[in-house]
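Worksheet: the structure to be examined is printed underneath.
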Amino acid sequence: MAKTTKPASFEAAMTELETLIAEMERGDAALEASLAAYRRGGELIRYCQEQLAAAEQQIKVLDGDTLKPFEAEPAA
């Protein structure tokens, strides 16, 4: 059940994580399946954290090492 492959993207990882959470919340999986899902969820969370950290680093580089608050442009 649990995959050990790297997700294709941040979005794919989030989708898989949401699916795992929904399956675990149902509570009808066997113990081994639940443990495998939990381990996979941990892998996905780490992957997503790494992707977010990399994106933050890119933003810092683009903004001269200073994170600036996001200001949405007013709707027209």
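Here are the numbers:
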{"quantity": "The stretch 3-68, accessible area per residue, ligands and nucleic acids excluded (1.4 Å, Å²)", "calculated": "75 Å²"}
{"quantity": "Label-point separation in nm, R26 to K60, each point 7 Å along Cα→Cβ", "calculated": "4.2 nm"}
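The values are calculated or read from the model by the stated rules, or taken from the named source; none is laboratory data. Just so it is clear, the structure is predicted and the values come from calculations on it, not from any experiment. For neighbour counting, all protein chains shown are included, and Cβ atoms are generated from backbone atoms with ideal geometry for every residue, glycine included. Quick note on the areas: whole protein, heavy atoms, side chains included, nothing else; ligands and nucleic acids left out. Shrake-Rupley method; radii C 1.70, N 1.55, O 1.52, S 1.80 Å.
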